[in-house]
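Taking it in order: structure first as structure tokens, then the write-up.
Computed from the coordinates by the stated procedures, all read-outs in this text should not be read as laboratory data. Note that this is a predicted model, so its numbers are computed, not measured. Because the Cβ atoms are built from the backbone with ideal geometry, glycine has one as well, and the counts that use them run over all protein chains shown.
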Amino acid sequence: MKQSTKFSIATALVAMLAAPLVPAAASAAPSSSGSSHGHGHGASHGGGHGHGHGHHAAPTKSGPTSIAYVEVNNDELANVGRYTLENGANAFDVAIIFAANINYEDGKAVLYNNENVQRTLDQAATQIRPLQAKGIKVTLSVLGNHQGAGLANFPTKAAARDFAAQVSATVKKYGLDGVDLDDEYSDYGVNGTPQPNQQSIGWLISALRADMPGKIISFYDIGPSSDALTTASPSIGKQLDYAWNPYYGTYTAPTIPGLPKSKLSAAAVDIQNTPQATAVSLAQRTKADGYGVFMTYNLPGGDESAYVSSFTKVLYGQAASYR
């Protein structure tokens, strides 16, 4: 809580009533270097500190950066901000809007938002800004839409730059904190589109980093782009902020040259489907092995604080509450 200047008891009381609550923020702050029919992740499933009045920093936590994907076809992004730890810090550090699509129109990849993604962006004042005010970063996931265009088959650097420009323009327009890249559901080859190549994902990451210095670029480690990044130059990996295991309920760290374990999640938790005991085990292994990220998907509406607490108690030594 903030302190007001004590001119008198009366003025202090007035100041305390008038001043806003200090927003919570996480010390494990994010670094900054859905389809039209609502696909879930993989069929195989396999901010800085907020400051208030006076000299008191907002509540913080120590531990891995926690990720929360939200299927906005079904649930509200703003729900991420309702989870706090016992000391008032955020339970989650990054909220990901799942998901925008890569469509194929007039011979090129085109960024597309379905009505639910677009509604979330249009309602930034209630869905996005409150999270950012708490110190939670908000990014947009991008994945294929069965039209042949995807992260892995840009035929030229120019094509990758064109799509990167569309993404960065959306990030800027809606005041987002970055983008998440997911190489699923593209159906490479349909509509006469080319097959994946080794350079495409690197071209895209480099173009996004050039367009969005200081914004988050994360990678859901799946698909042909995953294969390409495994053997890519470390100069590409160093342009990413995070990458994570895409297979829920399992524990396997991505292998991307240039990306250290402090930026990786070996754990993958589907909050609506991964057994709670498994989530606890994955959190324990994350902490023991020193990975810097813990990825969760499918945060639903309503109070799931018992489940969320099961892993926050391991990662941060604190239970989570839903407010």
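Quick look at the numbers
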quantity: Pairs of Lys in the range 88-198 closer than 25 Å at Cα, counting only those 8 or more apart or on different chains; calculated: 9
quantity: In Å, descending, principal axis extents of the Cα set of the range 72-150; calculated: 52, 20, 20
quantity: Share, in percent, of DSSP beta bridges within the range 66-322 that are antiparallel, nearest 5; calculated: 25 percent
quantity: Proximal lysine pairs, the range 180-323, alpha carbons under 13 Å, eight or more residues apart or interchain; calculated: 4
quantity: Over the range 55-188, relative contact order from alpha-carbon pairs under 8 Å, at least 6 apart, %; calculated: 25 percent
quantity: Dimensions (Å) - the range 220-322, Cα atoms, principal axes, largest first; calculated: 42, 24, 19
quantity: Local electrostatic count, GLY178, Cβ distance below 9 Å [Lys/Arg +1, Asp/Glu -1]; calculated: -1
quantity: Computed label-point distance, nm, for sites ALA125 and GLN272 using a 7 Å Cα→Cβ extension; calculated: 2.9 nm
quantity: Distance histogram in 5 Å bins (all Cα pairs of the range 240-292, percent per bin); calculated: 5, 24, 30, 24, 12, 5, 1
quantity: Dimensionless Rg/Rh of the range 74-230 - Kirkwood Rh, Rg from C-alpha atoms; calculated: 1.00
quantity: Summed residue charge, Cβ within 13 Å of GLY258's Cβ, Lys/Arg positive, Asp/Glu negative; calculated: +3
quantity: Ranking of TRP244, TRP203 by count of other Cβ atoms within 10 Å, fewest first; calculated: TRP203, TRP244
quantity: Charge sum, other residues only, whose C-beta stays under 12 Å from ASN113's C-beta, Lys/Arg counted +1 and Asp/Glu -1; calculated: 0
